[in-house]
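Taken together, the values in this text are just the output of simple stated rules run on the coordinates, not laboratory data. The model shown is predicted, which means the values in this text are computed figures rather than measured ones. Cβ: placed from backbone, ideal geometry, glycine included. Neighbour counts: every protein chain shown.
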Amino acid sequence: MRGRLGLIATLCGLVQLCQASALAQAPAEPSERISTPAAGISLSPPPNVRPAGKGVFTQQKTGQGKFHLVLTGRHFTSREAVENYLAWRAAELTAEQGFLWFSFVEHRGKGDSVPVPKRDPNGMRYSFRLAFFRPIWRYQLASAPSVWKSWSPFSGRPFWAADANSVLRFEVSADILLQKGQIEGDNPLAFDAGAVSDYLINQVQPPE
């Protein structure tokens, strides 16, 4: 009798040993294999465009869906770089306000000779083509630090890049009207906010 009980006890021990070995070798559940980041580490990608410095970019609401944008800098790089950054900010503002596209408002004066862009139903779709995003410039030179000079893209005069080496400060301003609904694809002054942002996101940085 005691021999039979000993045999049963031995068999039970072997069963328990096999079960423990199987559990040790079994793969972990999928949820247990997923590693988690260490505390304080963000998985979000870094922003493509660094934040603008204090006072570099300002926006002022001037009416229903209307905004006046101003970009200020002290180190001039190029006209294209500065204007593209302002266009990107216009697109970002449009999206932040819950709108889909914006139209650029031209400010022309007496004597301006550059033709007004016309709609062309049979022409290219504009949406993110920036040839007609043309803001107004002001700048100060070291030779006359208290005097602001201005330049309009509609005046027909050459851009002032020849004075860039002696510039102390510059300002670029634009007025935009935020829009919803279908974009006016034949309008050279209409810009799709999403398309402009996607096009410029890896190309622009704020001036300094």
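What to note about this one:
- Modelled FRET efficiency - R0 30 Å, R119 with V147, Cβ distances, 0.05 increments: 0.15
- Using the Cβ-Cβ distance between T77 and N48 with R0 set to 30 Å, the FRET efficiency works out to roughly 0.95.
- Hits among aspartates and glutamates - C-alpha to C-alpha of K118 under 16 Å, sequence gap 8 or more where chains match: E106, E184, D186
- Gap separating the Cα centres of segment 44-117 and segment 138-154, nearest whole Å: 19 Å
- Listed by chain and number, the aspartates and glutamates whose alpha-carbon sits under 15 Å from that of K149, ignoring those within fewer than 8 places in the same chain, are D163, E171.
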